[in-house]
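Below is one structure, written out as structure tokens; comments come after it.
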Amino acid sequence: MRMDPAVKTRMIRNILLSLLIYALPVALMLAFLWWRGDAPWSHTAAVRHTGPFWWVSDWLNGNGFVELIVLLGLAEFTLGRYGEHWRGNETVLDIVCFALPRLVFAPFFAWFSVTALPKILPLEHGLFGWVPFFWGVLILCVADDLTQYWYHRLHHEVPWLWRFHRTHHSASYMGMSMASRQNAFYSIFFSQTYVTSILVYLGLGPASIAVHTVKSIITTLAHSSIPWDKPLYERKALHPVAWVLERLISTPATHHAHHASTADDGVGFYKGNFGNMFFLWDVIFGTAHISRHYPAAYGISHYESDPWYAQAFWPVFKSNVPGSELAADGPVVRTDDDVRTEVGMRDALPAPAAGD
């Protein structure tokens, strides 16, 4: 299946715009330092960050994030958000996808940062340690999250990449476990992780801790089944806050729309709303859809519970579900139109004769 020409043209135009956005915080920083007559690269000094935010950051970057996920998960179960969806094959898949990044990928990325980068860039360690904290945060917000926006978007718009991301969309529910429900190969090639690791190696460590803390909270809550943003839409006095917030960061309403099983109801929008921490990228690149409503159903319309091992480790392991995109002879992309055609053909078949 070829990429739609209109999508390809729009993507090229947006990539060129992205290059300007990547350069913008660096250009603004240099202009600000020039205006102040400051040259921090000539007098670098270690800065110790303290206070409540950094206590939270230390906690989250230790065991805190796992504890937060567990607490959020308990809250979702208590409120009955999962219903009958989370059981059997889906439970195993979510647990495997939650454990892999922490038991396998985290050590690998640590090896990349501590062992590989010093060999690749032996003289550049701490090269940009002089970058002021505020500007480091701004640079990393753009470098990390805009890179992930494109990594995510490409897996939706480039047909042969879709099956690596399909696992994240196969669940018929939303919840805290969804944030880590990914194919192993999709996770290990997370482009933003390598970008951030390099920038940390170059000296933006404290800024990365702050960005990672905020991003972890935003992305986890955007996947949560608890619609924390709903009061913003129900109370007229809060509408201005909602207008800004829903265009700046990912919220349950905007991100749940991305996980909808259909786009026919005016709420679902799985062909857009790609933002992870910042929804702003969708606004800028024309992939945003804001309805302030939540989908009635989630997942993939043609999903038939592919085995957890196929979803977690495709293409090493294939699905045994005939016609699945993860099956050995399955299509690269199976669309809703394909499903409607199959249903129509079945409905058109003559009824079996009595006794058949």
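The values are calculated or read from the model by the stated rules, or taken from the named source; none is laboratory data. In this text, all values refer to a predicted model and were calculated from it rather than measured experimentally. Cβ coordinates were reconstructed from backbone atoms using ideal geometry, including for glycine residues, and neighbour counts include every protein chain displayed. These accessible areas exclude ligands, DNA and RNA; they are computed on the full protein's heavy atoms, side chains included. Shrake-Rupley method; radii C 1.70, N 1.55, O 1.52, S 1.80 Å.
Lys/Arg Cβ at +1, Asp/Glu Cβ at -1, dipole of the stretch 109-239 taken about the Cα centre: which of 148, 207, 118 is farthest positive-ward?
Of 148, 207, 118, it is 148.
Enter the accessible area per residue of the stretch 274-333 (Å², integer; probe 1.4 Å; all protein chains in place).
Counting only protein heavy atoms, the per-residue value for the stretch 274-333 is 43 Å².
Whose amide H sits under 5 Å from the amide H of residue 327, counting only residues 5 or more places off or on another chain, with H placed in the peptide plane?
Residues meeting the criterion, in which the H sits 1.01 Å from N, are 319.
If you count only protein heavy atoms with a 1.4 Å probe, what accessible area per residue comes out for the stretch 75-208, rounded to a whole Å²?
42
Which ³J(HN,Hα) values in Hz, rounded to whole numbers, follow from the phi angles of the stretch 96-105 under the Karplus curve 6.51 cos²θ - 1.76 cosθ + 1.60, where θ = phi - 60° and Gly and Pro get x?
Here the 3J(HN,Hα) series is 4, 5, 6, 7, 3, x, 7, 9, 10, 6 Hz.
Pull out the extension gain between residue 19 and residue 328, defined as 0.36 nm times the separation in residues minus the alpha carbon to alpha carbon distance; nm, one decimal.
Taking 0.36 nm per residue and subtracting the Cα distance, the gain is 107.4 nm.
Just to be sure I understand the curve: with the Debye formula and one point per C-alpha of the stretch 227-306, what is log10 I(q)/I(0) at q = 0.13, 0.16, 0.25 Å⁻¹?
Those come out to -0.39, -0.57, -1.16, one per q.
Report, by chain and number, residues whose modeled amide H sits under 5 Å from the one on residue 298, excluding near sequence neighbours (fewer than 5 apart, same chain).
261
So, counting K/R as plus one and D/E as minus one, what does the shell of residues with Cβ under 10 Å around residue 290 add up to?
Taking every other residue near residue 290 into account, the sum is 0.
How much of the accessible area of the stretch 216-324, probe 1.4 Å, is carbon plus sulfur, in whole percent?
That fraction is 66 percent.
Please compute the contact order of the stretch 248-333 in relative form: average sequence separation of alpha-carbon pairs under 8 Å and at least six residues apart, divided by the residue count, as a percent.
Relative CO of the stretch 248-333 lands at 23 percent.
Tell me, what is the FRET efficiency for residue 123 and residue 185 to the nearest 0.05, using R0 = 41 angstrom and their Cβ-Cβ distance as r?
The calculated FRET efficiency here is 0.80.
Go through 285-291, 142-148 and give me the packing order, highest mean Cβ count within 10 Å leading.
142-148, 285-291
Using a simple charge model, +1 on the beta-carbon of Lys and Arg, -1 on the beta-carbon of Asp and Glu, nothing else, what dipole does the stretch 186-317 show about its Cα centre, in debye to the nearest 20?
440
Keeping all protein chains in the complex and leaving out DNA, RNA and ligands, what accessible area do you get for residue 303 with a 1.4 Å probe, in Å² to the nearest 10?
40
Which Rg and Dmax, in Å, describe the Cα atoms of the stretch 132-278?
Spelled out, the Cα radius of gyration and Dmax of the stretch 132-278 are 16.0, 48 Å.
With θ set to phi - 60°, apply the Karplus curve 6.51 cos²θ - 1.76 cosθ + 1.60 along the stretch 159-166 and write out the HN-Hα couplings as whole Hz, x wherever there is a Gly or Pro.
Result, rounded to whole Hz: x, 6, 8, 4, 5, 6, 10, 4.
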